[in-house]
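Heads up: the structure comes next, in structure tokens.
The values are calculated or read from the model by the stated rules, or taken from the named source; none is laboratory data. Predicted model, so just to flag it, every value in this text is computed and none were measured. As a convention, Cβ positions derive from the backbone with ideal geometry for all residues, glycine included, and neighbour counts pool all protein chains shown. Just the protein is used for accessible areas: all its heavy atoms, side chains included, with ligands, DNA and RNA removed. Shrake-Rupley method; radii C 1.70, N 1.55, O 1.52, S 1.80 Å.
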Amino acid sequence: MSEENPSGGPPAGKVWIVGGPGCGKSTLAGLLTRSEAPPVCLDALFWGPGWTPVPEEAFLAEVGKALEGERWVVDGQFPAAVAAYAHTADCVVWVDPPLRLAFPRLLRRTLRRWIRREKLWGGTRETLWTVVGPRSILWYALKVRAEQQRANQELFARLAKSGVRLIRFRDGDVRDLVGRIPR
């Protein structure tokens, strides 16, 4: 783990978790909100039926509504939402495990969802085509990895002097991070 700024300060009531597919964002968000309201999952707000994105204006409006409370945990990397709202967090966590850890997790999760026919956002389910086809999350994760890392480096640079606590977690298991984020 590397912290970009000092770890002192008040508890983080508003936490934004960024990172690529399969890195552990949703797991960490769930662990941080165990006794509170469920985390704000940007995938649930972004995706409509058939993997169709909702219009950006509607998406950002829903994100804004979800962040009206005094305490929240956001799980997501969508650029429009990060640009509009990440600066309102007390703490931004960038979960950035090596590809050798993240990709097998993503593969297992994707296969599990396909085999079990799990219902996802917008009522969509994984199909063989979304597992191995050109719109596969597996291919997407590889394609956008470097771009997302650059975007998160820029986000941390932009927020470095804002008072937002910044944590970049590169280790394997996000459960090791939970106690390091005062809630």
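Remarks
- Annotation: amide H-H contacts under 5 Å for Ala12 (H modelled 1.01 Å from N, sequence separation of 5 or more, or interchain): Arg183.
- Look at the Cα gyration tensor of the chain: its axes a ≥ b ≥ c give a/c of at least 1.5 with a/b over b/c, and that counts as prolate.
- Heavy-atom surface of the range 19-68, accessible at 1.4 Å and reported per residue (Å²): 51 Å²
- Atom-type composition of the exposed protein surface of the range 72-112 places 65 percent of the accessible area on carbon and sulfur (1.4 angstrom probe).
- In a reduced charge model with +1 at each Lys and Arg Cβ and -1 at each Asp and Glu Cβ, the chain shows a dipole moment near 700 debye about its Cα centre.
- Only helices reaching 20 angstrom along their own axis (Cα) with mean Kyte-Doolittle hydropathy no lower than -1.0 count here, and for the DSSP H runs of the chain these are 99-116, 137-159.
- Residue-level accessible surface for Val132, protein heavy atoms, 1.4 Å, Å²: 90 Å²
- Nearest-0.05 FRET efficiency for Leu107 and Glu154, computed from C-beta distance (R0 22 Å): 0.20
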